[in-house]
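Q: Have a look at the structure that comes next, please.
The values are calculated or read from the model by the stated rules, or taken from the named source; none is laboratory data. All values reported here derive from a predicted model rather than from experimental measurement. Here the Cβ is made from the backbone with ideal geometry for all residues, glycine too, and neighbour counts use every protein chain on show.
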Amino acid sequence: MAIAPNGRNAAPSPLSPAAPSSACRLQDAVDQIEARGIRLNPQRYALLEYIYTADRLSTVEQLVRELHVSGHGRGAGATAVYSQLRVFERMGLVRESKRDGEVPCYGPALARSSRPAV
């Protein structure tokens, strides 16, 4: 069962079913965001949830499309998604993967021993 931004259990999201380890990592990411006083609105939560439960890295265009399909992306475009990804990257929650000449893709950051400063 997914954890809603308010910390309560929520119905499973239509984005993707989370494996138990993905759900734990997602909850850890949510806890870090809330500990820093960042408001976790439904759009941010849906973006983070998709990144942590997807079975592959995603481009910004794919993330925007998934937000729209899920109903959480009303008015969200590439600029808003890039902005949120940068915040998540600075917090050490999301990583960018880019090979020469390829479009950047995003996925959950690997386990780390310390949290980077914002």
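Q: List every residue pair whose Cβ atoms lie under 8 Å apart, where the two residues are 6 or more positions apart in sequence or sit on different chains, the first residue falls within the stretch 54-66 and is under 18 Å from GLU102 (Cβ atoms), and the second residue, located anywhere, is of a type in the set (Asp, Glu).
A: So the pair list comes out as SER58/GLU66.
Q: Additional query: Can you pull out every residue in the stretch 49-84 that is buried (at least 16 other Cβ atoms within 10 Å of the Cβ) and either among the basic types (Lys, Arg) or closer than 15 Å to GLN32 by Cβ (or both)?
A: Answer for the stretch 49-84, where residues must be buried (at least 16 other Cβ atoms within 10 Å of the Cβ) and either among the basic types (Lys, Arg) or closer than 15 Å to GLN32 by Cβ (or both): GLU49, ILE51, TYR52, GLN84.
Q: Of everything in the stretch 20-35, what is over 12 Å from PRO108 (Cα atoms) and at pLDDT 90 or above? Give them in sequence order.
A: Matches in the stretch 20-35: GLN27, VAL30, ASP31, GLN32, ILE33, GLU34, ALA35.
Q: Now for a separate question. Does at least one position in the stretch 91-101 carry a residue that is under 11 Å from the mean Cα position of the chain (by Cα), modelled with pLDDT of 90 or more and part of a loop (DSSP other than H, G, I, E, B)?
A: yes
Q: Residues of the stretch 71-87 being in a helix (DSSP H, G or I) and either farther than 22 Å from CYS24 by Cβ or over 11 Å from the mean Cα position of the chain (by Cα) (or both), which ones? Full working, then the answer.
A: Applying the first criterion (in a helix (DSSP H, G or I)) to the stretch 71-87 yields 78-87.
Scanning the stretch 71-87 gives ALA78, THR79, ALA80, VAL81, TYR82, SER83, ARG86.
Q: Suppose we filter the stretch 72-92 for residues that are touching a residue at least 24 places away in the same chain (Cβ under 8 Å) and out of contact with any strand residue (DSSP E or B) (no Cβ under 7 Å at 6 or more places or on another chain); how many remain?
A: Number satisfying all stated conditions: 10.
Q: Would you pick out the residues in the stretch 30-70 that are in a loop (DSSP other than H, G, I, E, B) and not basic (Lys, Arg)?
A: If the condition is that a residue be in a loop (DSSP other than H, G, I, E, B) and not basic (Lys, Arg), then GLY37, ILE38, LEU40, ASN41, ALA54, ASP55, LEU57, THR59 are the ones that fit.
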